[in-house]
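One structure is given here, and the rest of the page talks about it.
Just so you know, all these numbers are worked out from the coordinates, no wet-lab data involved. This one's a predicted model, so the numbers in the text were calculated from it and none came from an experiment. Here the Cβ positions follow ideal geometry from the backbone for every residue, glycine too, while neighbour counts run over all protein chains shown.
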Amino acid sequence: MDKYNNKETINHSTFFSTFYDIDEKGKTHLTLRTKRWAVIITIHLLFFLSFAIDIQTLEGTLNGSRFLGFHLIDPFTTIQMYLAEHHIHINIIIGTATIVAFYLLFGGRTYCAWVCPYGLLSEIGEKLHDTLVHKKIIKNRRFDHRIRHIFWIIFTVLAFTSGYLVFETFNIVGILSRFIAYGWSLALSWVVVVFLIEVFYSRRAWCTYICPVGTTFGYIGKVSGLRIQWNDSCDHCMVCHDVCFENQVLELTKAKYDEQRKEKGIKNQYVTGADCTLCGRCIDVCHSDALKFDFRLKGLI
């Protein structure tokens, strides 16, 4: 991308150009998207190799794993297990506490952008969807993003009333994670169905409206330390809104708040919305460098 000379909106940029950036001096750098993809691929390569050739580094799947012997358990899986079985094992408590502590520091929904394998597919589907919308082949359909909380309640109630982890039967994140670690299964057909829904019906529908795993990490992220920081060099071009699939979290970038900020002497603000995945796409496209990662608890250290 050449964000200093172009407005790098989804429709104005090619998909592959989003993996590199040209700075003001004309030098090329890797974007945060490239780094995220590298992290996700590395994590799941370790899952695969730990099972395939027994390197015993990162064993298991995203539902539950061991990293160098330390237990790691997905918080929503733990909630389901407790509601279904009405008791919980000590290793699950330790593994869940470790994950929660990590994401309290480094942002709850960073899991969605930096760990989840479906995130990569969903980003590809997003580009295909927006291309079809731009060519007026399909229409984009948006819904109230708060519907995700209803789905979260439904899946927890189902676990409690059925004694079974109902969500895990069609959790595409778990299905993909198991596929990468252990191999092919018929359940992958459901992943294809969801992907096609996102391409032809609603942009990033699974992540935005349904997935209770991301919703759970969002609850954690509301109070997490790592955030996106905005500063007043912003010229309100709104390109960040275009590339962000959870752009309600970027409300503070709108010009209508400038007068209020000026009266209070506010020059910097944190994006505190629980739905922010800290994917960094807004940072990648911001030509005024008004957005960056910042650890908001650094004053306490």
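Need one number: the % of Cα-Cα pairs in the range 148-301 sitting beyond the 18 Å mark. Result for the distance tail: 67 percent. The tail of the calculated P(r) for the range 21-68, taken as Cα-Cα distances beyond 13 Å, holds 63 percent of the pairs. Annotation for the range 239-301 versus the range 37-58: alpha-carbon center distance of 33 Å. Taking other residues whose beta carbon is less than 11 angstrom from the beta carbon of LEU250, and scoring Lys, Arg as +1 and Asp, Glu as -1, yields -2. Of the complete DSSP H runs in the chain, those spanning 20 angstrom or more by Cα along the long axis with a mean Kyte-Doolittle score not below 1.0 are 32-52, 90-106, 147-162.
Look at the alpha carbon pairs under 8 Å that are at least 6 residues apart: their mean separation over the length of the range 239-284 gives a relative contact order of 58 percent. Cysteines of the chain lacking any other cysteine Cβ under 4.7 Å from their own Cβ: CYS112, CYS116, CYS207, CYS211, CYS234, CYS237, CYS244, CYS276, CYS279, CYS286. Neighbours of ASP23, meaning other residues whose beta-carbon lies under 15 angstrom from its beta-carbon, give a summed charge of -2 when Lys and Arg score +1 and Asp and Glu score -1.
Computed from phi, the 3J(HN,Hα) profile of the range 53-62 under the Karplus parametrisation 6.51, -1.76, 1.60 (θ = phi - 60°) reads 10, 6, 7, 6, 9, 10, 9, x, 9, 5 Hz, with x in place of Gly and Pro. Each peptide among 278-290, 237-249, 2-14, 258-270 gets the average number of other Cβ atoms lying within 10 Å of its residues, and from highest to lowest they stand as 278-290, 237-249, 2-14, 258-270. Close amide H contacts of GLY225 (hydrogens built in the peptide plane, cut-off under 5 Å, sequence separation of 5 or more or a different chain): LEU105, PHE106, GLY107. The distance separating the Cα centre of the range 132-180 from that of the range 187-205 comes to 10 Å. For the range 65-149, applying the loop criterion from DSSP together with a ceiling of 16 other beta carbons within 10 Å to the chymotrypsin sites (Phe, Trp or Tyr not before Pro) yields PHE143.
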